[in-house]
Amino acid sequence: MESCGIAIGFSDVIRLGHGSGGKLTEQLVEKVFLPKIGNSILNELDDAASLKIGDANIAFSTDSYVVKPLFFPGGNIGSLAVHGTVNDLSMRLARPLYLSVSFIIEEGFRIGELSRIVESLSQAAKESQVDVAAADTKVVNRGAGDGVYINTTGIGIIETRHPPAVRKARPGDLIIISSDLGRHGIAILCAREGLELETDLLSDSASLSALALRLARLGPALHCMRDLTRGGLSSALNEIAHASKVGIEINDSQVPIHPAVRGACELLGLDPLYVACEGRFICIVEADRADEVVENLKLDPLGQESAIIGRVTEEHPGRVVSRTAIGGRRIVDKLSGDQLPRIC
Ligand code: MG
(Lines give C-alpha, C1' and ligand atoms only; values in the text may rest on other atoms or scores of the structure.)
Protein backbone atom coordinates (compact mmCIF):
# COMPACT_ATOMS: atom_id res chain seq x y z
CA MET A 1 0.00 0.00 0.00
CA GLU A 2 1.13 3.56 -0.66
CA SER A 3 0.75 4.46 3.00
CA CYS A 4 3.29 1.83 4.05
CA GLY A 5 6.05 3.64 2.18
CA ILE A 6 8.05 0.42 1.66
CA ALA A 7 8.47 -1.35 -1.65
CA ILE A 8 8.63 -5.13 -1.87
CA GLY A 9 11.43 -6.39 -4.13
CA PHE A 10 12.15 -9.90 -5.38
CA SER A 11 15.36 -10.06 -3.29
CA ASP A 12 13.42 -9.48 -0.06
CA VAL A 13 12.55 -12.41 2.17
CA ILE A 14 9.50 -13.26 4.29
CA ARG A 15 9.74 -12.21 7.91
CA LEU A 16 7.56 -13.31 10.81
CA GLY A 17 5.89 -9.90 10.69
CA HIS A 18 4.44 -10.72 7.26
CA GLY A 19 2.04 -12.99 9.18
CA SER A 20 1.11 -10.46 11.85
CA GLY A 21 -2.00 -9.02 10.19
CA GLY A 22 -0.43 -5.54 10.20
CA LYS A 23 1.38 -3.42 7.62
CA LEU A 24 3.69 -6.16 6.35
CA THR A 25 0.75 -8.53 5.74
CA GLU A 26 -1.04 -5.74 3.94
CA GLN A 27 2.00 -5.22 1.69
CA LEU A 28 2.10 -8.90 0.75
CA VAL A 29 -1.59 -8.90 -0.06
CA GLU A 30 -1.45 -5.70 -2.10
CA LYS A 31 1.86 -6.27 -3.90
CA VAL A 32 2.22 -10.04 -4.27
CA PHE A 33 -1.19 -11.74 -4.03
CA LEU A 34 -3.93 -9.45 -5.33
CA PRO A 35 -2.09 -8.46 -8.55
CA LYS A 36 -1.95 -12.15 -9.52
CA ILE A 37 -4.98 -13.82 -7.96
CA GLY A 38 -7.22 -10.84 -7.16
CA ASN A 39 -10.70 -10.47 -8.63
CA SER A 40 -13.92 -8.65 -7.83
CA ILE A 41 -14.67 -11.08 -4.96
CA LEU A 42 -11.22 -11.45 -3.36
CA ASN A 43 -10.40 -7.74 -3.71
CA GLU A 44 -13.19 -6.90 -1.24
CA LEU A 45 -10.98 -8.29 1.59
CA ASP A 46 -13.96 -9.16 3.75
CA ASP A 47 -13.69 -11.84 6.46
CA ALA A 48 -15.62 -14.21 4.19
CA ALA A 49 -16.53 -13.95 0.51
CA SER A 50 -20.20 -13.56 -0.35
CA LEU A 51 -21.04 -15.85 -3.28
CA LYS A 52 -24.31 -16.12 -5.17
CA ILE A 53 -24.74 -19.76 -6.21
CA GLY A 54 -28.13 -20.51 -7.73
CA ASP A 55 -30.65 -18.95 -5.37
CA ALA A 56 -28.39 -19.21 -2.32
CA ASN A 57 -26.10 -16.56 -0.83
CA ILE A 58 -23.06 -18.47 0.40
CA ALA A 59 -20.29 -17.22 2.70
CA PHE A 60 -16.90 -18.84 2.04
CA SER A 61 -13.68 -18.42 4.03
CA THR A 62 -10.36 -20.14 4.70
CA ASP A 63 -7.69 -19.78 7.38
CA SER A 64 -4.56 -21.60 8.53
CA TYR A 65 -3.52 -22.07 12.16
CA VAL A 66 0.12 -22.07 13.27
CA VAL A 67 -0.35 -21.01 16.90
CA LYS A 68 2.54 -21.57 19.28
CA PRO A 69 2.21 -23.21 21.77
CA LEU A 70 -0.31 -25.74 20.43
CA PHE A 71 -2.04 -25.93 23.84
CA PHE A 72 -2.85 -22.75 25.76
CA PRO A 73 -5.14 -21.73 28.64
CA GLY A 74 -8.69 -21.83 27.28
CA GLY A 75 -8.08 -23.94 24.17
CA ASN A 76 -5.70 -25.48 21.67
CA ILE A 77 -5.01 -25.34 17.95
CA GLY A 78 -7.95 -27.71 17.30
CA SER A 79 -10.68 -25.57 18.87
CA LEU A 80 -9.03 -22.42 17.51
CA ALA A 81 -9.11 -23.79 13.95
CA VAL A 82 -12.89 -24.14 14.19
CA HIS A 83 -13.59 -20.85 15.98
CA GLY A 84 -11.42 -18.77 13.62
CA THR A 85 -13.15 -19.91 10.45
CA VAL A 86 -16.66 -20.06 11.93
CA ASN A 87 -16.16 -16.49 13.14
CA ASP A 88 -15.06 -15.23 9.73
CA LEU A 89 -18.28 -16.68 8.26
CA SER A 90 -20.27 -15.11 11.09
CA MET A 91 -18.92 -11.67 10.22
CA ARG A 92 -21.06 -11.76 7.05
CA LEU A 93 -24.11 -12.82 9.12
CA ALA A 94 -23.84 -16.32 7.69
CA ARG A 95 -25.00 -19.46 9.47
CA PRO A 96 -21.91 -21.71 9.34
CA LEU A 97 -22.68 -25.16 7.92
CA TYR A 98 -19.60 -27.13 6.81
CA LEU A 99 -15.84 -27.11 7.33
CA SER A 100 -12.95 -28.77 5.58
CA VAL A 101 -9.96 -29.56 7.80
CA SER A 102 -6.35 -30.19 6.69
CA PHE A 103 -3.66 -31.36 9.09
CA ILE A 104 0.02 -30.86 8.28
CA ILE A 105 1.86 -32.94 10.87
CA GLU A 106 5.56 -33.18 11.66
CA GLU A 107 7.22 -36.59 11.80
CA GLY A 108 7.69 -37.55 15.47
CA PHE A 109 4.58 -35.72 16.75
CA ARG A 110 2.83 -37.73 19.45
CA ILE A 111 -0.43 -39.36 18.35
CA GLY A 112 -1.82 -38.81 21.87
CA GLU A 113 -1.41 -35.05 21.48
CA LEU A 114 -2.93 -35.19 18.00
CA SER A 115 -5.94 -37.05 19.47
CA ARG A 116 -6.44 -34.33 22.09
CA ILE A 117 -6.34 -31.69 19.36
CA VAL A 118 -8.86 -33.60 17.20
CA GLU A 119 -11.12 -34.07 20.25
CA SER A 120 -11.14 -30.30 20.86
CA LEU A 121 -11.77 -29.64 17.20
CA SER A 122 -14.71 -32.05 17.25
CA GLN A 123 -16.15 -30.46 20.39
CA ALA A 124 -15.84 -26.93 18.96
CA ALA A 125 -17.49 -28.05 15.71
CA LYS A 126 -20.44 -29.51 17.66
CA GLU A 127 -20.83 -26.33 19.70
CA SER A 128 -20.66 -24.25 16.52
CA GLN A 129 -23.19 -26.56 14.80
CA VAL A 130 -20.90 -27.26 11.84
CA ASP A 131 -19.96 -30.61 10.32
CA VAL A 132 -16.53 -31.51 8.97
CA ALA A 133 -17.39 -32.42 5.38
CA ALA A 134 -13.87 -32.88 3.96
CA ALA A 135 -10.47 -33.56 5.51
CA ASP A 136 -6.85 -34.25 4.60
CA THR A 137 -3.60 -35.33 6.30
CA LYS A 138 -0.02 -34.63 5.23
CA VAL A 139 3.19 -35.46 7.12
CA VAL A 140 6.44 -33.49 6.73
CA ASN A 141 9.97 -34.47 7.83
CA ARG A 142 11.13 -33.99 11.38
CA GLY A 143 12.26 -30.36 11.74
CA ALA A 144 10.24 -29.19 8.73
CA GLY A 145 7.17 -28.25 10.79
CA ASP A 146 6.38 -27.31 14.36
CA GLY A 147 4.23 -30.21 15.58
CA VAL A 148 1.03 -29.61 13.67
CA TYR A 149 -0.49 -26.91 11.50
CA ILE A 150 -4.19 -26.91 10.60
CA ASN A 151 -6.08 -25.30 7.74
CA THR A 152 -9.85 -24.99 7.82
CA THR A 153 -12.22 -23.73 5.13
CA GLY A 154 -15.85 -23.01 5.88
CA ILE A 155 -19.10 -22.36 4.07
CA GLY A 156 -22.35 -21.01 5.42
CA ILE A 157 -25.64 -19.49 4.30
CA ILE A 158 -25.91 -15.70 4.57
CA GLU A 159 -29.09 -14.97 6.53
CA THR A 160 -29.70 -11.39 5.45
CA ARG A 161 -30.25 -9.48 2.25
CA HIS A 162 -27.84 -6.86 3.62
CA PRO A 163 -24.62 -8.62 4.68
CA PRO A 164 -22.28 -6.31 6.57
CA ALA A 165 -19.09 -5.49 4.63
CA VAL A 166 -15.81 -3.77 5.34
CA ARG A 167 -16.55 -0.95 2.89
CA LYS A 168 -20.00 0.00 4.28
CA ALA A 169 -19.07 2.28 7.23
CA ARG A 170 -20.63 5.75 6.94
CA PRO A 171 -19.89 9.02 8.81
CA GLY A 172 -22.16 9.26 11.86
CA ASP A 173 -22.19 5.49 12.50
CA LEU A 174 -21.23 4.24 15.96
CA ILE A 175 -18.67 1.52 16.70
CA ILE A 176 -19.51 -1.26 19.16
CA ILE A 177 -17.15 -3.87 20.60
CA SER A 178 -18.75 -7.20 21.55
CA SER A 179 -16.76 -7.63 24.79
CA ASP A 180 -13.37 -7.00 26.41
CA LEU A 181 -10.15 -6.90 24.44
CA GLY A 182 -6.94 -8.95 24.28
CA ARG A 183 -7.41 -12.09 26.41
CA HIS A 184 -6.32 -14.48 23.66
CA GLY A 185 -3.06 -12.71 22.86
CA ILE A 186 -2.05 -12.35 26.49
CA ALA A 187 -2.99 -15.97 27.35
CA ILE A 188 -0.83 -17.21 24.43
CA LEU A 189 2.05 -14.96 25.32
CA CYS A 190 2.03 -16.04 28.96
CA ALA A 191 1.88 -19.73 27.95
CA ARG A 192 4.73 -19.24 25.46
CA GLU A 193 7.00 -17.31 27.78
CA GLY A 194 6.08 -19.19 30.98
CA LEU A 195 4.77 -16.00 32.61
CA GLU A 196 2.33 -16.30 35.51
CA LEU A 197 -0.35 -13.66 36.02
CA GLU A 198 -2.08 -13.04 39.33
CA THR A 199 -5.39 -14.16 37.85
CA ASP A 200 -5.95 -17.21 35.65
CA LEU A 201 -6.53 -15.58 32.31
CA LEU A 202 -8.04 -17.81 29.63
CA SER A 203 -8.06 -17.20 25.90
CA ASP A 204 -11.35 -15.71 24.67
CA SER A 205 -11.37 -18.25 21.78
CA ALA A 206 -15.06 -19.02 21.10
CA SER A 207 -17.62 -19.40 18.35
CA LEU A 208 -19.27 -16.04 17.65
CA SER A 209 -21.96 -17.53 15.45
CA ALA A 210 -24.93 -17.19 17.82
CA LEU A 211 -23.83 -13.77 19.11
CA ALA A 212 -23.37 -12.40 15.59
CA LEU A 213 -26.74 -13.70 14.36
CA ARG A 214 -28.42 -11.65 17.10
CA LEU A 215 -27.68 -8.67 14.85
CA ALA A 216 -29.55 -10.03 11.81
CA ARG A 217 -32.69 -8.13 12.81
CA LEU A 218 -30.90 -4.81 12.24
CA GLY A 219 -31.19 -5.30 8.48
CA PRO A 220 -29.48 -2.53 6.49
CA ALA A 221 -28.71 -0.55 9.69
CA LEU A 222 -25.82 -2.97 10.35
CA HIS A 223 -22.96 -1.75 8.16
CA CYS A 224 -19.72 -3.57 9.16
CA MET A 225 -18.56 -6.47 11.29
CA ARG A 226 -14.97 -7.61 11.85
CA ASP A 227 -13.63 -10.18 14.28
CA LEU A 228 -10.60 -8.94 16.20
CA THR A 229 -7.88 -11.45 15.42
CA ARG A 230 -4.27 -10.73 14.37
CA GLY A 231 -3.37 -7.08 14.75
CA GLY A 232 -6.25 -6.67 17.22
CA LEU A 233 -8.69 -3.75 17.29
CA SER A 234 -6.23 -1.46 15.49
CA SER A 235 -6.01 -3.64 12.36
CA ALA A 236 -9.78 -4.14 12.16
CA LEU A 237 -10.50 -0.41 12.47
CA ASN A 238 -7.74 0.57 10.02
CA GLU A 239 -9.03 -1.92 7.44
CA ILE A 240 -12.54 -0.49 7.74
CA ALA A 241 -11.33 3.14 7.63
CA HIS A 242 -9.30 2.37 4.51
CA ALA A 243 -11.96 0.33 2.68
CA SER A 244 -14.85 2.65 3.57
CA LYS A 245 -12.78 5.85 3.00
CA VAL A 246 -13.90 7.26 6.36
CA GLY A 247 -12.21 8.43 9.53
CA ILE A 248 -12.60 6.52 12.78
CA GLU A 249 -12.40 7.95 16.27
CA ILE A 250 -12.37 5.82 19.41
CA ASN A 251 -12.28 6.72 23.10
CA ASP A 252 -9.54 4.78 24.87
CA SER A 253 -11.39 4.89 28.18
CA GLN A 254 -14.50 3.22 26.70
CA VAL A 255 -12.66 0.15 25.38
CA PRO A 256 -13.29 -2.66 27.91
CA ILE A 257 -10.06 -4.36 28.99
CA HIS A 258 -9.74 -6.94 31.78
CA PRO A 259 -7.41 -5.68 34.54
CA ALA A 260 -5.13 -8.73 34.06
CA VAL A 261 -4.79 -7.94 30.35
CA ARG A 262 -4.09 -4.28 31.10
CA GLY A 263 -1.54 -5.25 33.74
CA ALA A 264 0.23 -7.73 31.46
CA CYS A 265 0.32 -5.18 28.64
CA GLU A 266 1.92 -2.61 30.94
CA LEU A 267 4.44 -5.16 32.16
CA LEU A 268 5.35 -6.33 28.66
CA GLY A 269 5.22 -2.93 26.95
CA LEU A 270 2.30 -3.91 24.69
CA ASP A 271 -0.54 -1.70 23.49
CA PRO A 272 -3.84 -3.57 24.14
CA LEU A 273 -5.32 -2.10 20.94
CA TYR A 274 -2.93 -4.37 18.99
CA VAL A 275 -3.43 -7.60 20.98
CA ALA A 276 -5.39 -10.41 19.29
CA CYS A 277 -8.72 -11.87 20.37
CA GLU A 278 -10.39 -15.01 18.98
CA GLY A 279 -13.89 -14.48 20.33
CA ARG A 280 -14.55 -10.76 19.95
CA PHE A 281 -15.81 -8.54 17.13
CA ILE A 282 -16.65 -4.96 16.38
CA CYS A 283 -19.76 -3.90 14.57
CA ILE A 284 -20.56 -0.53 13.02
CA VAL A 285 -24.20 0.49 13.00
CA GLU A 286 -26.44 3.46 12.37
CA ALA A 287 -26.23 5.66 15.46
CA ASP A 288 -29.87 5.38 16.53
CA ARG A 289 -29.62 1.57 16.76
CA ALA A 290 -26.39 1.43 18.82
CA ASP A 291 -27.94 1.30 22.33
CA GLU A 292 -30.29 -1.48 21.23
CA VAL A 293 -27.31 -3.47 19.87
CA VAL A 294 -25.34 -3.17 23.12
CA GLU A 295 -28.37 -4.26 25.18
CA ASN A 296 -28.93 -7.21 22.87
CA LEU A 297 -25.28 -8.36 22.91
CA LYS A 298 -25.17 -8.13 26.70
CA LEU A 299 -27.89 -10.78 26.93
CA ASP A 300 -25.34 -13.35 25.72
CA PRO A 301 -22.47 -14.51 27.99
CA LEU A 302 -19.99 -13.73 25.18
CA GLY A 303 -21.22 -10.14 24.94
CA GLN A 304 -21.34 -9.12 28.57
CA GLU A 305 -18.79 -6.32 28.28
CA SER A 306 -20.23 -4.95 25.07
CA ALA A 307 -19.79 -1.19 24.72
CA ILE A 308 -19.92 1.71 22.28
CA ILE A 309 -16.28 2.69 21.80
CA GLY A 310 -16.28 5.32 19.09
CA ARG A 311 -17.72 6.75 15.90
CA VAL A 312 -17.16 7.06 12.19
CA THR A 313 -16.23 10.54 10.95
CA GLU A 314 -15.93 12.45 7.70
CA GLU A 315 -12.62 13.91 8.91
CA HIS A 316 -9.23 12.19 8.36
CA PRO A 317 -10.48 9.49 5.93
CA GLY A 318 -8.43 6.29 6.12
CA ARG A 319 -7.14 7.11 9.61
CA VAL A 320 -7.99 5.83 13.08
CA VAL A 321 -7.61 8.31 15.92
CA SER A 322 -7.91 7.59 19.60
CA ARG A 323 -8.87 10.06 22.33
CA THR A 324 -6.88 9.31 25.46
CA ALA A 325 -8.22 9.49 29.00
CA ILE A 326 -6.44 12.82 29.58
CA GLY A 327 -7.99 14.40 26.48
CA GLY A 328 -5.10 13.94 24.05
CA ARG A 329 -5.39 12.43 20.57
CA ARG A 330 -3.12 9.88 18.95
CA ILE A 331 -3.11 8.13 15.62
CA VAL A 332 -3.73 4.38 15.93
CA ASP A 333 -1.74 3.05 12.99
CA LYS A 334 -1.60 -0.56 11.80
CA LEU A 335 0.91 -2.81 13.50
CA SER A 336 4.27 -2.23 11.81
CA GLY A 337 6.34 -5.16 13.11
CA ASP A 338 5.65 -8.53 14.66
CA GLN A 339 4.52 -7.68 18.19
CA LEU A 340 3.03 -11.14 18.73
CA PRO A 341 3.88 -13.62 15.97
CA ARG A 342 2.07 -16.97 15.63
CA ILE A 343 -0.88 -15.97 17.75
CA CYS A 344 -3.37 -17.97 15.67
MG1 MG B 1 -11.48 -12.19 10.44
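The values are calculated or read from the model by the stated rules, or taken from the named source; none is laboratory data. Please read all numbers here as calculations on a predicted model, not as lab measurements. Heads up, the Cβs are rebuilt from the backbone with ideal geometry, glycines too, and the neighbour counts pull from every protein chain shown. For accessibility, only protein heavy atoms count, side chains too; no ligands or nucleic acids. Shrake-Rupley method; radii C 1.70, N 1.55, O 1.52, S 1.80 Å.
Would you please classify the overall shape of region 1-114 from the alpha carbon gyration tensor, given that a ≥ b ≥ c denote the square roots of the eigenvalues, rounded means a/c under 1.5, and beyond that prolate means a/b larger than b/c while oblate covers the rest? The shape class here is oblate.
In the chain, if the dipole is taken from +1 on Lys/Arg beta carbons and -1 on Asp/Glu beta carbons about the Cα centre, which of 182, 39, 240 is farthest to the positive end? So the residue furthest toward the plus end is 39.
Here the convex hull built on the C-alpha positions of region 247-313 has a volume of 100 cubic angstrom per residue. Counting only DSSP beta bridges with both residues in region 50-159, the antiparallel share comes to about 75 percent.
Ranking 267, 197, 45 from most to least accessible surface, computed with a 1.4 Å probe over the protein chains only, gives 267, 45, 197. Farthest toward the positive end of the dipole of region 248-300, out of 299, 263, 276, is the Cα of 263, where the dipole comes from beta carbon charges about the Cα centre. Over all Cα atoms in region 112-241, the spread is summed up by Rg and Dmax: 18.3, 55 Å.
According to the square roots a ≥ b ≥ c of the eigenvalues of the Cα gyration tensor, what is the shape class of region 174-331, taking rounded for a/c under 1.5, prolate for a/b larger than b/c otherwise, and oblate for the remainder? Oblate is the answer for region 174-331, as a/c is 1.5 or above yet b/c matches or exceeds a/b. For the chain, the 222 nm mean residue ellipticity estimated from helices alone, with every DSSP H stretch of n ≥ 4 adding -39500 (n - 2.57) and the total spread over all residues, rounds to -7500 deg cm²/dmol. About the centre of its Cα atoms, the chain shows a dipole size close to 540 debye [charges on the beta carbon of Lys, Arg (+1) and Asp, Glu (-1) only; nearest 20 debye].
Sequence-distant contacts, meaning Cα pairs under 8 Å at least 6 residues apart, place the relative contact order of region 50-159 at 44 percent. For region 170-314, relative contact order (Cα pairs under 8 Å, six or more residues apart, normalised by length) works out to 51 percent. In straight Cα distance, which aspartates and glutamates are under 19 Å from residue 52, not counting same-chain residues fewer than 8 positions off? Of all the aspartates and glutamates, those that pass the test against residue 52 - Cα under 19 Å, at least 8 places apart if same chain - are 44, 88, 159. Charge dipole of region 174-331 (Cα centre as origin; +1 on each Lys and Arg Cβ, -1 on each Asp and Glu Cβ, all else neutral): 420 debye, rounded to the nearest 20.
Which value, in debye to the nearest 20, gives the size of the charge dipole of region 48-108 about its Cα centre, when Lys and Arg are +1 and Asp and Glu are -1 at the Cβ?
Dipole about the Cα centre, nearest 20: 260 debye.
If a spin label sat at a point 7 angstrom from the Cα of residue 202 along the line to its beta carbon, no backbone N atom of region 113-153 would be nearer than 13 Å. Taking amide H atoms as placed 1.01 Å from N in the peptide plane, the amide H of residue 58 lies under 5 Å from those of 51, 52, 53, 158, each 5 or more residues away in sequence or on another chain.
If R0 is 45 Å, the Cβ-Cβ spacing of residue 55 and residue 170 corresponds to a FRET efficiency of close to 0.95.
Does the chain come out rounded, prolate or oblate, given a ≥ b ≥ c as the square roots of the eigenvalues of its C-alpha gyration tensor, rounded meaning a/c under 1.5 and, failing that, prolate meaning a/b above b/c?
Taking the square roots of the gyration eigenvalues as a ≥ b ≥ c, the chain is rounded.
Based on the Kirkwood approach, the hydrodynamic radius assigned to region 292-344 is 14.4 Å, with every pair of different Cα atoms included. Most simply put, the chain has about 80% antiparallel DSSP beta bridges, counting only bridges with both residues inside it.
When DSSP beta bridges are limited to those with both residues in region 99-248, what percentage is antiparallel, rounded to the nearest 5?
45
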